[in-house]
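The values are calculated or read from the model by the stated rules, or taken from the named source; none is laboratory data. Every value quoted in this text rests on a predicted model; they were computed, and no experiment measured them. When we count neighbours, we look across all protein chains shown, and the Cβ atoms used for this are built from the backbone with ideal geometry, even at glycine.
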Amino acid sequence: MSRHGYHFGSRILAGCFIVVGGHSPLVAAGHTVHPLTLPGLEAGGAPRAGIGLRDHIDAVLAVMDSLGQPVVLVGHSGGGAIIHGAVDSRPEHVARAIYVDSGPLGEGGVINDELPADGDDVALPPWNDFDDADLVDLDDEMRRAFRARAVPEPRAVTSDRQHLHDECRFEVPATVIACEFPASQLQEWMRDGHPYVAELGRIRDVEFVDLPTGHWPQFTRPAELGAVILAAVDRTA
């Protein structure tokens, strides 16, 4: 539900819904960071009617097209669906996709159409609506700060179906930063053909990095998350 995202890199790293401790490890390493505020997430009172998943994907594509060089995309949570839509639309322009406690959303999938909505807004739910695994390491101070800065998501972004067209998306290397579920669990699901990881299982080159914590490593382990993302970017160069 956070409104921030990043493009990074000399190869530029682009992304959605992620805050990495001021992104200083990436900047210090010489990468250019482009924060993205996607449509409807400009402020708490921003209009969100009529904004859907494709609008968020198209906003990422507009920045990619303006940069004129390959990018590395980073998506956290539902941002994984958004960057995968961008990979599908511009596979030749993406050097790597990095999924932070998330993964690629396949054809016909939705981010989460069961989240409670108030009109066109999907606000950050009460903490007791989350599983314990979501909240690991997220202490009371972090929760207060998170809730104070959280901006509602446009309802249609969470419930629109993903539409994909180009199987070249499976040729783009991916990094999965595993937080709630360890990499071993995700790999077991892939071997078993679990639908949760069906799209991920079709990507030719996938690497996994464990970063055990809850669903928001950008708050609970920001330095480690920045280092893991930087390492993935550097392996791509």
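Things worth noting here:
- Test: residue in the stretch 188-201 that is part of a strand (DSSP E or B) and touching a residue at least 12 places away in the same chain (Cβ under 8 Å): no
- A Cβ distance below 9 Å, combined with a sequence gap of six or more or placement on separate chains, defines the contacts here; from the stretch 215-237, residues that are farther than 19 Å from G79 by Cβ reach residues that are among the acidic types (D, E) in the pairs R235/E207.
- The condition of being more than 14 Å from the chain's Cα centre (by Cα), in a loop (DSSP other than H, G, I, E, B) and at pLDDT below 95 holds for only one of G50, G106, G44, that being G44.
- Here is the figure for the stretch 90-105: residues that are within 15 Å of E171 (Cα to Cα) and touching a residue at least 60 places away in the same chain (Cβ under 8 Å) total 8.
- P125 falls short on exactly one of the conditions (1) in a loop (DSSP other than H, G, I, E, B); (2) in contact with a helix residue (DSSP H, G or I) (Cβ under 8 Å, 6 or more places away or on another chain), and that condition is (2).
- Residue match in the stretch 70-87 (condition: touching a Leu at 6+ places or on another chain (Cβ under 6 Å), more than 21 Å from R161 (Cα to Cα) and not acidic (D, E)): yes
- Top-ranked residue in the stretch 169-197 [being more than 15 Å from the chain's Cα centre (by Cα) and among the small types (G, A, S); ranked as nearest to P70 (Cα to Cα)]: A183
- Being closer than 18 Å to G106 by Cα, assigned to a loop (DSSP other than H, G, I, E, B) and in contact with a Lys or Arg (Cβ under 6 Å, 6 or more places away or on another chain) is a condition met by no residue of the stretch 212-229.
- All of P104, P154 fail the test of being surrounded by 15 or more Cβ atoms within 10 Å (Cβ to Cβ) and out of contact with any helix residue (DSSP H, G or I) (no Cβ under 7 Å at 6 or more places or on another chain), apart from P154.
- Filter pass, V233 being in contact with a Leu (Cβ under 6 Å, 6 or more places away or on another chain), at pLDDT 95 or above and among the β-branched types (V, I, T): no
- Note on the stretch 146-185: among residues that are among the aliphatic types (A, V, I, L, M), assigned to a helix (DSSP H, G or I) and touching a residue at least 24 places away in the same chain (Cβ under 8 Å), the one that is farthest from A97 (Cα to Cα) is A156.
- Any hit, the stretch 150-172, residues being closer than 21 Å to V72 by Cβ and among the β-branched types (V, I, T): yes
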